[in-house]
Amino acid sequence: MSQDKVGQAQRFESDEENRTAALRFAREVVETRGHPSDESFDAVREAGYTDEQIMEMVSTVALATFTNYMNGTIDTELDVPVVEPTTR
């Protein structure tokens, strides 16, 4: 993925409207600790995602959160370059 695309994803943006909706939904899942609003569900559905795809998004957020917690807890040695988060 290009650096530009990585930067966009870190800002929860995309050149594709449906991908932006998915990224924003995932951000809300994280920020609300798994309690996204009805409006957020509506927006991601209106972008064309099925309920099955939405549950995959939630599962991906949960898995990433789990692995982050586990790796933080056991102090896993990083073997990839560290990417600093961007600000919104």
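The values are calculated or read from the model by the stated rules, or taken from the named source; none is laboratory data. It should be emphasised that the depicted structure is a prediction, and the values quoted were computed from it without experimental measurement. So basically every Cβ, Gly included, is an ideal-geometry build from the backbone, and we count neighbours across all protein chains shown.
Test of understanding: among GLY48, GLY7, GLY34, which residue is within 16 Å of the chain's Cα centre (by Cα) and modelled with pLDDT of 90 or more?
On the way: GLY48 fails: within 16 Å of the chain's Cα centre (by Cα); GLY7 fails: modelled with pLDDT of 90 or more.
Just a single option satisfies the conditions, and that option is GLY34.
The residue list VAL82, VAL61 contains one member that is touching a residue at least 12 places away in the same chain (Cβ under 8 Å) and within 28 Å of GLN3 (Cβ to Cβ), which is VAL61.
The single condition among (1) surrounded by 10 or more Cβ atoms within 10 Å (Cβ to Cβ); (2) in a loop (DSSP other than H, G, I, E, B); (3) not small (Gly, Ala, Ser) that PRO85 does not satisfy is (1). Listed by first and then second residue, the pairs with beta-carbon distance under 6 Å, at least 6 apart or on different chains, first residue in region 4-32 and small (Gly, Ala, Ser), second modelled with pLDDT of 95 or more and not in a helix (DSSP H, G or I), are ALA21/ALA47.
Suppose we keep only residues that are small (Gly, Ala, Ser) and assigned to a helix (DSSP H, G or I) within region 1-21. Which one would you say is surrounded by the fewest Cβ atoms within 10 Å (Cβ to Cβ)?
Only one residue fits best here, namely GLY7.
Taking region 52-82 as the range and being loosely packed, with under 10 Cβ neighbours inside 10 Å and either in contact with an Asp or Glu (Cβ under 6 Å, 6 or more places away or on another chain) or of a type outside the set (Ser, Thr, Tyr) (or both) as the test, the residues that pass are GLU52, GLY72, ILE74, ASP75, GLU77, LEU78, ASP79, VAL80, PRO81, VAL82.
Go through region 12-26 and count every residue that is of a type in the set (D, E, K, R) and within 10 Å of the chain's Cα centre (by Cα).
The initial filter retains those residues of region 12-26 that are of a type in the set (D, E, K, R), namely 13, 15-17, 19, 24.
Subsequent filtering for residues that are within 10 Å of the chain's Cα centre (by Cα) retains 24.
Count: 1.
Yes/no per residue for (1) aliphatic (A, V, I, L, M); (2) closer than 17 Å to PHE12 by Cα:
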{"position": "THR32", "(1), (2)": "no, yes"}
{"position": "HIS35", "(1), (2)": "no, no"}
{"position": "THR50", "(1), (2)": "no, no"}
{"position": "GLN53", "(1), (2)": "no, no"}
{"position": "SER59", "(1), (2)": "no, no"}
{"position": "ALA64", "(1), (2)": "yes, yes"}
{"position": "ASP79", "(1), (2)": "no, no"}
